[in-house]
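The values are calculated or read from the model by the stated rules, or taken from the named source; none is laboratory data. Predicted model, so just to flag it, every value in this text is computed and none were measured. Here the Cβ is made from the backbone with ideal geometry for all residues, glycine too, and neighbour counts use every protein chain on show. Accessible surface areas use protein heavy atoms only, side chains included; no ligands, DNA or RNA. Shrake-Rupley method; radii C 1.70, N 1.55, O 1.52, S 1.80 Å.
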Amino acid sequence: MRPPSTRVSGVLAVLVSNAVAPLGVLFLGWAPAALFGVFVAEIAAVLWWTLVKIPFAAKRPNNAIGDGDRLFGPLQAKRGSVSLPGPLPPGYLRNVPTLLIAAFLLVPLELAVAFVAFGLTDPVVTDEVAGQILLGGAGVFVGRGVKTVTKYFAAGSYRDHSARSVLLPPFKFLFAAGLLMFVFGPFAVELENDVFLVVLVGLKLLYDLRALQLERSETRGVFYRLYGSEETEIEPIPVEEPTGAPTYRTAPARAVALTDAVYQSLRYTVTSGVLWCYGVAAALVFFGAWTFALAPLALAAAFGTLRGVSRYLETGPVEFRCYGDVLVAHDALLDEPQARLERDAVTEVGVSTHAVDRLFGTETVRFETDVDTTPDVQLTVPDPEEVRTDDANANHPMTVPHVQDAAAVLAAFDGGGETEAEAESEAETEAETETEAETEAESETPVPSRDG
């Protein structure tokens with residue numbers, strides 16, 4: 001239950017942010033274009049404060065990207081947080097992919113849609129109107145900021161969200177504000193009728209108050225069923241690490257991890273959709289546009305760098321600790337166990353050497369299990385009580401990369417690499433051998449004669 005002061009501050013923030021532009025139009029002689037401009041400014045403010053919220057969301061997303069995503073998968077799978085100075089809550093490395101997608105794709109896209117909707121109202125933006133928009137925009141920016149600070153940070157709402165659920169309000173707000181501007185904007189600008197302004201402002205206020213009410217109730221609307229909300233995100237559960245000192249531990253050398261990151265970075269740019277950047281650059285060079293060819297090359301370099309950083313954070317700081325029949329991947333940078341694997345769950349063991357392994361004389365060990373890692377695909381998000389829980393301690397397949405001695409890893413992991421299937425096969429063989437021995441013993445037992 002949120003404290004009453006937080007609930008009151010949220011309502012006041014909504015009222016203040018909605019009252020700035022209407023008061024300016026009705027009492028200060030602002031042009032109607034200023035009202036729509038302030039709506040665009042409010043969208044920008046919502047997007048900005050959303051970016052501020054994303055790094056601190058504590059829950060895990062309900063629709064994980066999956067193990068097959070080389071670019072963002074390793075980052076989003078990270079567990080653990082980074083402590084920040086001052087009153088800020090801890091930040092989470094797993095939220096970085098969502099932050100990058102929002103900052104470089106969703107925010108520019110939403111702002112473009114908002115400015116297009118604003119342009120369709122045929123506004124007349126003079127220096128005076130621009131000043132009014134800036135003044136009104138500053139007001140709504142402060143109003144949204146107060147709501148973010150009091151509700152999200154001070155009241156601890158960041159504990160109830162994942163990075164994905166934080167993006168829901170901007171989506172809904174853009175839809176509502178865009179619809180209002182499309183429907184009522186042209187009439188208000190053309191006729192300059194205060195009635196349309198009152199209707200527009202009233203509907204906008206009702207939307208914000210309704211959104212605030214839905215945040216505090218258990219009602220699930222269309223947006224929540226299609227997208228989800230903080231109630232449908234996954235509460236993180238720590239990975240259980242056995243007590244006591246591990247019997248064996250190994251981690252890739254820093255030089256090996258860095259080389260592997262560079263190799264995976266270059267490999268990603270030629271084995272993914274980024275390859276088209278090289279094709280565009282080659283075409284531009286062919287037509288003599290040398291300067292323009294730098295743009296797609298820079299884009300390929302950005303994606304490659306992101307893949308390299310993601311790969312290094314996936315393997316570089318991770319130490320693999322053997323506790324007899326349990327293998328734990330522990331991130332030394334975050335000081336947090338990332339995954340665990342029990343010996344009985346292993347169905348197959350593979351040892352391979354990749355390009356980096358051959359360069360440094362190392363090996364990569366892969367432990368397979370029968371756990372289905374395919375993400376669930378559903379038309380709508382399940383109800384909160386039906387959402388799956390965190391599978392932190394599930395026995396997912398695990399890869400131990402770039403080890404100096406794979407045999408030592410297998411020997412430490414209880415059984416020298418003998419899998420469950422091999423153990424069952426060996427047990428069956430021993431049983432058959434015992435049966436044959438018993439049969440042979442029975443056949444060799446002398447039968448007593450009648451004479452005694």
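Key figures for this structure:
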item	result
Residue satisfying all of: in region 116-171; among the polar types (S, T, N, Q) and outside any helix (DSSP H, G or I); surrounded by the most Cβ atoms within 10 Å (Cβ to Cβ) among these	Ser162
Selection from region 43-87 of residues that are under 21 Å from Tyr227 (Cβ atoms) and of a type in the set (Asp, Glu)	Asp69
Filtered residues of region 372-382 (kept if modelled with pLDDT of 70 or more and either of a type in the set (Gly, Ala, Ser) or surrounded by 13 or more Cβ atoms within 10 Å (Cβ to Cβ) (or both))	Val381, Pro382
Number of the condition not met by Gly273 [criteria: (1) farther than 19 Å from Asp357 by Cα; (2) touching a Phe, Trp or Tyr at 6+ places or on another chain (Cβ under 8 Å); (3) not aliphatic (A, V, I, L, M)]	(2)
Restricting region 21-73 to residues that are open to solvent by less than 40 Å² (accessible area, probe 1.4 Å) and of a type in the set (D, E, K, R), the residue that is modelled with the highest pLDDT	Lys59
Residue match in region 315-327 (condition: within 30 Å of Thr98 (Cα to Cα) and small (Gly, Ala, Ser))	yes
Matching residues in region 224-252 - criterion: being open to solvent by 40 Å² or more (accessible area, probe 1.4 Å) and of a type in the set (Gly, Ala, Ser)	Gly244, Ala245, Ala251
Check on Asn18, closer than 26 Å to Glu233 by Cα, touching a helix residue (DSSP H, G or I) at 6+ places or on another chain (Cβ under 6 Å), modelled with pLDDT under 85 and open to solvent by 10 Å² or more (accessible area, probe 1.4 Å)	no
Within region 253-325, helices (runs of 4 or more DSSP H) holding 2 or more residues that are among the basic types (Lys, Arg) and surrounded by 15 or more Cβ atoms within 10 Å (Cβ to Cβ)	290-315
Any chance Leu206 is at pLDDT below 85, loosely packed, with under 15 Cβ neighbours inside 10 Å and not aromatic (Phe, Trp, Tyr)	yes
Cβ-Cβ under 7 Å pairs, at least 6 apart or on other chains, region 93-109 side in contact (Cβ under 8 Å) with a residue 24 or more places away in the chain and open to solvent by less than 40 Å² (accessible area, probe 1.4 Å), far side of a type in the set (Gly, Ala, Ser) and in a helix (DSSP H, G or I)	Asn95/Ala163; Thr98/Ala163
Test: residue in region 339-352 that is of a type in the set (D, E, K, R), buried (at least 19 other Cβ atoms within 10 Å of the Cβ) and either touching a Phe, Trp or Tyr at 6+ places or on another chain (Cβ under 8 Å) or in a loop (DSSP other than H, G, I, E, B) (or both)	yes
